[in-house]
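The values are calculated or read from the model by the stated rules, or taken from the named source; none is laboratory data. Note that the coordinates shown come from a computational prediction; the quantities given were computed from them, not determined experimentally. Backbone-built Cβ (ideal geometry, glycine too); neighbour counts: all protein chains shown.
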Amino acid sequence: MRYLTIVAPSGAARVSQRSGKLATLVALVCAMPGCRTSTVAHAVDPEAASCIPADTLVLAGVNLDRLRAAPLYSKLPAAAAAMAGAFTGASSALLAYNGRDLLAIARGSFAKAPAGATLAGPNLALFGTSQLVASAMAQRRTATPGAPTLLARAESIAAGRQIWIVMQGGVALPLSGNASNLNQLLHHAESATVTASFDSGLALEVTAIGLTTDAARNIEETVRADITLAAAAEARQADLAKLLRSIQVDREDRSVRITLSANQDAAAKLLAALAH
């Protein structure tokens, strides 16, 4: 391998050395706390994230302000709408599930603790079992989130989405109806993420990382088969069947990506179908 060598005049070298020392001094001074002018932008509320318990297997976030303002809000399945409506006064919420119980960490303008909740700090309320709330409060005192791997994944997908979910593989979620098919996907996955935006219709993306390449292939084939069956079952609703067939499924090595884009009318029909 050849290297390029640049030789400077001796005077320039002395100037360069002095400049280098000055630059080093400036860098050291600006590294001091009082000199920092930039801040790290977080897609997930850091204060709420500090309450995430260590045993969390599924982490979800909901931007409640943006969700309530979306045209499709009134079309959400009853369970989703009921959960969003339960957080009166909250602008956003994190949901942490440990395989047994669900903890909700709500950000909002709370003059006092909402009914059934415990205030973890100013404008931060915890909803859940006494054991989960105690775990969240203890975690908060450490000033670090209890599920850093899940949070890191969330940071990479949460920006600009009304709803996002990050999941460990192998988790059995308490789902029913068509939504329960997600558990079959998780059985073969190391991890999975879901994002949904409702600003001008529906933009949905699911990414699953298979336990192995063969597991990823199994996920892909299962999803394609489910889509075919679902489209056939909705044959009498041509628009909905067409929308289902438009779902894109791509696989690369262990990663399977499922995407769907729909306008407001088509998305409303899809949400109605998912509710059954």
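Key figures
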quantity: Output for the stretch 111-132, where each listed residue is among the small types (G, A, S) and in contact (Cβ under 8 Å) with a residue 60 or more places away in the chain; calculated: A120, G121
quantity: Residue within the stretch 65-72 that is part of a helix (DSSP H, G or I), touching a strand residue (DSSP E or B) at 6+ places or on another chain (Cβ under 6 Å) and either farther than 30 Å from R141 by Cα or among the acidic types (D, E) (or both) present; calculated: yes
quantity: Residue tally, condition outside any loop (DSSP other than H, G, I, E, B), touching a Ser or Thr at 6+ places or on another chain (Cβ under 7 Å) and surrounded by fewer than 21 Cβ atoms within 10 Å (Cβ to Cβ), over the stretch 44-64; calculated: 0
quantity: Qualifying position, being part of a strand (DSSP E or B) and within 13 Å of the chain's Cα centre (by Cα), among L151, L119, L94, L103; calculated: L94
quantity: Test: R254 is out of contact with any Leu (no Cβ under 6 Å at 6 or more places or on another chain), at pLDDT 90 or above and crowded, with 17+ Cβ neighbours inside 10 Å; calculated: yes
quantity: Positions within the stretch 138-178 being more than 26 Å from P71 (Cβ to Cβ), crowded, with 21+ Cβ neighbours inside 10 Å and either of a type in the set (S, T, N, Q) or without any contact (Cβ under 8 Å) to a residue 40 or more places away in the chain (or both), in sequence order; calculated: Q139
quantity: Close pairs from the stretch 224-252: first more than 21 Å from L211 (Cα to Cα) and free of Cβ contacts under 8 Å to residues at least 60 places away in the same chain, partner among the hydroxyl-bearing types (S, T, Y) and in a helix (DSSP H, G or I), Cβ under 9 Å, at least 6 apart; calculated: L244/T228; R245/T228
